[in-house]
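Below: one structure, written as structure tokens.
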Amino acid sequence: MSNKDTLQNCFLPDFCNLRMVFAVVILAQLFAFVLALMTITSADGVGWKYMSMVSLFVQWCALGSCASLCYARRYLCQVATLWAAVLSYLVILLVVAVLSEIAFHLVYFELALGAKHAQFILRNVVISALITGPILRYFYVQQAWERNVKAEAQSRLQALQARIRPHFLFNSMNTIASLIRTQPAQAETAIEDLADLFRVSLRETQQFHTLADEIELCDRYLEIEKLRLGDRLNIKYDIDSLPKDALIPPILLQPLVENAIYHGIETLAEGGTIRVSGEQKKKTLHIRIENPCLAQRPTASTGHHMAQENIRERLLAMYDKRAALHIEPYSDRYVIEIVLPYRNKLDEDSDR
């Protein structure tokens, strides 16, 4: 396992992250207020001065612990989880003890409130121990929950994708079967194209691939169908404004192109043109697939709905509400638009 994967699977969060540092500062300040209010007995200047000193001391301890774990995280994540938790616990207690020693002797001797040296340090370490334990436990439970959610989502996505692949294979094999007797040479070419297509399709074990890979997948499938439909099938791309390095779920557009053929082009004696267009609006991709259809077409088949619902569920599982699939049925054409956030390899690497 690489060092990046090790850090990603570690239960300790990234304490170098600005958002994490901000959260630590806010929580530390809330705790400082509670701790100071327990000892303030009047509204005079001495009480509020004590509150400011407690706040500063607690922030020193919180940020010192945060900085120590930021540096030590790469090493802590390489050991077993139990040892990582124990060592993290000891690091925080050590930081608090050292800062308490400095505060007692140099600047914040008034923080002791009459307590002796050992009592002051022991009190701070005990308070820190009582707080640190539940926090580390929370980090562990949170990381375990996120891991389980990702595993369940991945299993669901694999199941949804497994439903798409047989549907895709059976339709392609039916196309090839229709050519074997009448056009054996073209059937042989189609089998070779299908083999190449499945090499592209089945190698996709990752969660995403590029838009360029998906277009290649569609083109290989269209080459097979064009052998059967001939001049009745045409494809027009208007996707120059789309970034080809955009990461999208594999087998996202191909099932929709397949539907456009079987429920649109194939039903028309003269055939027609499938138009694939798209544009990027800020950090969002809009991809449209449009095909002609019968003016009085029958209700869409179950297969048609299966592919659409499959893709809608995959988008929901991977992007939540940041992605959507919109259907726009007209009297003589059928339009599907996919909206999803733009991400590329650099964005993916930065999140790890």
Self-check item: Qualifying positions in the stretch 182-204 - open to solvent by 80 Å² or more (accessible area, probe 1.4 Å), modelled with pLDDT under 80 and in contact with a helix residue (DSSP H, G or I) (Cβ under 9 Å, 6 or more places away or on another chain)
Solution: Leu202
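Per-residue answers, yes or no, for (1) within 20 Å of Ile215 (Cβ to Cβ); (2) acidic (Asp, Glu); (3) part of a loop (DSSP other than H, G, I, E, B); (4) open to solvent by less than 10 Å² (accessible area, probe 1.4 Å):
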| residue | (1), (2), (3), (4) |
| --- | --- |
| Asn234 | yes, no, no, no |
| Ser241 | yes, no, yes, no |
| Arg275 | yes, no, no, no |
| Ala295 | no, no, yes, no |
| Ile327 | no, no, no, no |
| Tyr334 | no, no, no, no |
| Arg343 | yes, no, yes, no |
Quiz item: So, of the residues in the stretch 243-257 that are within 20 Å of Pro329 (Cβ to Cβ) and either among the hydroxyl-bearing types (Ser, Thr, Tyr) or in contact with a helix residue (DSSP H, G or I) (Cβ under 6 Å, 6 or more places away or on another chain) (or both), which turns out to be surrounded by the fewest Cβ atoms within 10 Å (Cβ to Cβ)?
Solution: Val257
Quiz item: Restricted to the stretch 68-107, and to residues that are part of a helix (DSSP H, G or I) and among the polar types (S, T, N, Q), which residue is most open to solvent (accessible area, probe 1.4 Å)?
Solution: Thr81
Practice problem: Looking only at the stretch 211-223, count how many residues are under 28 Å from the mean Cα position of the chain (by Cα) and either open to solvent by 60 Å² or more (accessible area, probe 1.4 Å) or at pLDDT 90 or above (or both). | Solution: 4
Quiz item: Just one of Ile289, Ile251 is modelled with pLDDT under 90, closer than 14 Å to Glu214 by Cβ and either out of contact with any strand residue (DSSP E or B) (no Cβ under 9 Å at 6 or more places or on another chain) or not basic (Lys, Arg) (or both); which is it?
Solution: Ile251
Exercise. Only residues in the stretch 125-147 that are farther than 17 Å from Leu35 by Cβ count as the first member; pair them with residues that are acidic (Asp, Glu), Cβ under 8 angstrom, at least 6 apart or cross-chain, and list the lot.
Key: none
Quiz item: In this structure, is Lys226 surrounded by fewer than 22 Cβ atoms within 10 Å (Cβ to Cβ), over 31 Å from the mean Cα position of the chain (by Cα) and part of a strand (DSSP E or B)?
Solution: no
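The values are calculated or read from the model by the stated rules, or taken from the named source; none is laboratory data. All values derive from a computational prediction rather than experimental measurement. All Cβ positions, even for glycine, are placed from backbone atoms using ideal geometry, and neighbour counts span all protein chains on display. Accessible surface is based on the protein model in full, side chains and every heavy atom, while ligands, DNA and RNA are left aside. Shrake-Rupley method; radii C 1.70, N 1.55, O 1.52, S 1.80 Å.
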